[in-house]
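The values are calculated or read from the model by the stated rules, or taken from the named source; none is laboratory data. Quick caveat: nothing in here was measured; it's all calculated off a predicted structure. For neighbour counting, all protein chains shown are included, and Cβ atoms are generated from backbone atoms with ideal geometry for every residue, glycine included. All accessible areas refer to the heavy atoms of the entire protein, side chains included, with ligands and DNA or RNA removed. Shrake-Rupley method; radii C 1.70, N 1.55, O 1.52, S 1.80 Å.
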Amino acid sequence: MLAALNPDYMGHVYLESSVLILVFVCAGKYIEAKAKARTSDAVRGLLQLGAKTAVLLKLAEDGQTVISAREIPAELIQVGDILRVMPGATVPADGVVIYGKSSVDESMITGEAMPVSKYVNDGVIGGTVNGSGLLHVQATRVGADTTLSSIVRLVAAAQANKAPIQALADKIASWFVPAVVTLAALTFITWLLLGLTNHINTEDLPPGTTPFLLALLHTVAVLVIACPCALGLATPTAVMVATGVAAKLGVLIKGGSTLELAHR
C-alpha cells in the first residue's frame, strides 16, 4: 500500500511472504478436508453393508405356508415382518429365525472368521451374509435400531469425541493465542519506541523504512512464526483418520482415549 500511494517509496515489498502464508494455510485446510472425506467414506462403507431390498412374506395361520411374497425396499421393513433370506443373500434386518437352517457369515460384524450355524429361534444380524440354506426371519430391530446402525453411530461418535491429549492441546491453545497476541503487541511497542527514541541507527535500515513499518514487520513476524494452527488441528485430524481407516479394516475404535491407551 505504501508503495502504491507514494511513488518515491524505496522500501521492500514483501508480497511473497503473504502469498506463501496463504498457500500454507490453504494446503493445511485441503489436507484436513481430504482426511475428513476419507473418514466419511468409511462410515458410508459400513452403511453399504446393509441390504437394499428384502423379500416380505405373508404366511398362513399355520405360520409356515407362504401365501405371497413381494420384494420391498429395506427401509420399509417393520418390526414383526417375516422376511425370506435366500442362500448368498444379505440379511436385511436384525431378527430371529422362524424357519430353516443355515450358516451365516458374520465376519463383517463380529470378526468371526468361520460361518455361524443358525437354527430356529436363533438371532441373526442385519448386514451379515446367509450361507447355503433358506431362512425365514422375523424382524426384531429395524432402521436406526439395528446392530449395523449402532456400529455406524459408534464410529461417528468416536470421531467426534475428544481424546485427553486433544483436550490438553485445546487448553494450551486457549492460553497460547492470547499470549502470542500479547507478545506481538509488546514487540510492536518495543520496536516503535526504539525507533522513535533514535536507539536504532536509521542508516542501517532499508531505504524508506520508518520506525512504524519496522515495528509492524517484527510484529507480523512474531504472529506468523507462533501460529498455533497445528496445535489445534493435528490431534483431531489424527483421531478422525485413525478411526476411519480402522473401521474400513473391520476394527472399531471407541474413541481417542482408546487410541491413547493402545501404546501402553
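Could you sort 93-106, 188-201 so that the peptide with the highest average Cβ count within 10 Å comes first and the rest follow in order?
Working: 93-106: 19.8, 188-201: 13.7.
Listed from highest to lowest mean packing, they are 93-106, 188-201.
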- SER103 long-range amide H proximity, modeled H, under 5 Å: LYS118, GLY131, SER132, GLY133
- Amide hydrogen neighbours beyond the local backbone of ASP122, cut-off 5 Å, H modeled: VAL97
- Query: Check ALA51: other-chain or 5+ apart residues with amide H under 5 Å from its amide H, H built from backbone geometry?
  - Reply: GLY127
- Message: Heavy atoms only, 1.4 Å probe, whole protein assembly: order MET240, MET86, MET108, MET114 by accessible area, highest first.
- Response: MET114, MET86, MET108, MET240
- Leaving ligands, DNA and RNA out of it, rank GLU71, GLU61 by accessible area with a 1.4 Å probe, largest first. GLU61, GLU71
- Item | From phi via Karplus (6.51, -1.76, 1.60), per-residue ³J(HN,Hα) for segment 118-134 in Hz, x at Gly/Pro | 10, 10, 4, 6, 7, x, 10, 10, x, x, 7, 10, 6, x, 9, x, 8
- Task: Quote the accessible area belonging to LYS34 in square angstrom, nearest 10, computed with a 1.4 Å probe and with ligands, DNA and RNA left uncounted.
- Result: 100 Å²
- Note on the structure: For ILE77, ILE253, ILE31, the accessible-area ranking with a 1.4 Å probe, largest leading, is ILE31, ILE253, ILE77
